[in-house]
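The values are calculated or read from the model by the stated rules, or taken from the named source; none is laboratory data. These figures come from a predicted structure and were not determined experimentally. Reconstructed Cβ throughout: ideal geometry from the backbone, glycine too, with neighbour counts over all protein chains shown.
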Amino acid sequence: MFKQLMTGAIGLSFLAACEAAGPSMPTGIEGAFEQAKSNEAELRVIIQDMPKGGDIHNHLFGAVYAESWLRYAEEDNMCIDKDGLAIRFPTSEGCRAPLVVAGDALKDQNLRNDLIDRFSLRDFTPYAGWGGHDQFFRTFGSMAAMPSRFGDMVADTANLAGRQNIAYLELLHTMELFETILPMVAGLPMTGDAETDYNTLMESEFGKELPNMVARAIKDTDTAMAKVNTLLGCGSEQAQPGCDVEIRFQNQPVRTLPKSAVYAHNIFGWHLMEQDSRWVGTNLVAPEDDFISLRDYMDHMEQLGFLYDTLGPRNISLHAGELWLGLVHPKELRFHITEAIKTAKAKRIGHGTDIIFETDYEDLLKLMAEQEIMVEVNLTSSEQILGVKGDEHPYQIYREAGVPMALSTDDEGVARIDLTHEYIKGVHELGLGYDDLKRMTYNSLKYAFLDAETKARLIDDLDARFAEFEAGFK
């Protein structure tokens, strides 16, 4: 009896000691990560050093920081519109009044500050009649650079990625649209029937010039990527971090242009992807809530579906559901993601913020999980453009449904962020843990628009980098 009492007493004492000590803390990287959550600088260090897969929703023009746009303008003798706060192209006579040569205008630090603020959301505060959505989309009409800066932009973006241990960039970029395709096809009548309109376009001057446009785009890409290697010193002892980043491109038609131009640019993209493996997908851009985007939405989806079925499968990622209650009429929230997947054959969805407003959204979520339709989550962009933040974001809805997701930047230069910032934002606002971030970084490669061999190589490399990174915390 005495022995039983003593054994019970020892057991109670052990339990009491454990309760006093509290639950054991995780060790290794999980422990360091949990501890760093209370210190922003420490969390930044860990996540910045953490291996990352890809940033697969990143618009090249939006990725470039304002300071780089100003540097390009100075070096290329571009013009500054001081009243309109914009960079403009010179005429054959140079910069005629009221425009001023960039090198002269940008000696004024106050003007520099004003231009940086115009080209981004730095220090932006919404006010009556003007919100983040307005500020964001206005930036793109204010920035300009010579076509020869294509390579500079890629180099700048790749270097920023490389310094954060990002392995892959999928950059959205527009080629041939405004200078050649739009003037050719803007006046062509469209019926709304995808097959009829395809034939109209291909029988026009556009169809005849299409091979030349594709060849020119391939040559321009060759030139740009050669410049990237030169600027970053790739292959030399002075190689910069961007040299280690794998780079691919998506074609991006502008959905606010005439239907003929959107369709023609998608056709161009289809042929470009077929002939150049660096061009791996297509995506519609510009505000999804614009009245033209809304009016022509189903026509755009049917155009893409027709090309997919007729010219052969291509990788499609679509800005769909980048909407929110109050921004548009509720009817517009009910079908955009559904049609992007079912009609346009999208393999990935950009934003997908309004998912819970879609008709039969639970069935849609089930379909997305079954077909592994990945969602590109852009937290800062959703907050700045839509005002959606924290638990308003449908991250948890997607996660519980088993829909794969990855974090991306969208327009890091305009937003004044980087991918590390988005990971940190996910930790604070969505409660993401280390395992969540790790899963999403693998998703960014698993669902990248890459050939199987390159994808396997990058994932193997990510395995090795994670093993080395985590070993440092044991």
| said: Please determine whether any residue of the range 444-451 is assigned by TED's automatic domain parsing to the domain that holds GLY281, within 20 Å of ALA167 (Cβ to Cβ) and surrounded by fewer than 22 Cβ atoms within 10 Å (Cβ to Cβ). | reply: yes
| query | Which residue, of PHE335, PHE291, is crowded, with 18+ Cβ neighbours inside 10 Å and of a type in the set (A, V, I, L, M, F, W, C)? | reply | PHE335
| request: Would you point out the residue of the range 138-189, among those that are assigned to a strand (DSSP E or B) and within 27 Å of GLU209 (Cβ to Cβ), that is farthest from the chain's Cα centre (by Cα)? | output: HIS173
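Being closer than 19 Å to LEU327 by Cβ, touching a residue at least 40 places away in the same chain (Cβ under 8 Å) and in a loop (DSSP other than H, G, I, E, B) is true for just one of THR380, THR359, THR353. Which residue is that?
None of the other options fit; the residue is THR353.
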| Restricting the range 100-111 to residues that are in contact with a Cys (Cβ under 7 Å, 6 or more places away or on another chain) and in contact (Cβ under 8 Å) with a residue 24 or more places away in the chain, the residue that is surrounded by the most Cβ atoms within 10 Å (Cβ to Cβ) | ALA102
| said: Restricting to the range 390-407, name every residue that is β-branched (Val, Ile, Thr) and either buried (at least 17 other Cβ atoms within 10 Å of the Cβ) or outside the structural domain of ILE349 (by TED's automatic domain parsing) (or both). | reply: VAL403
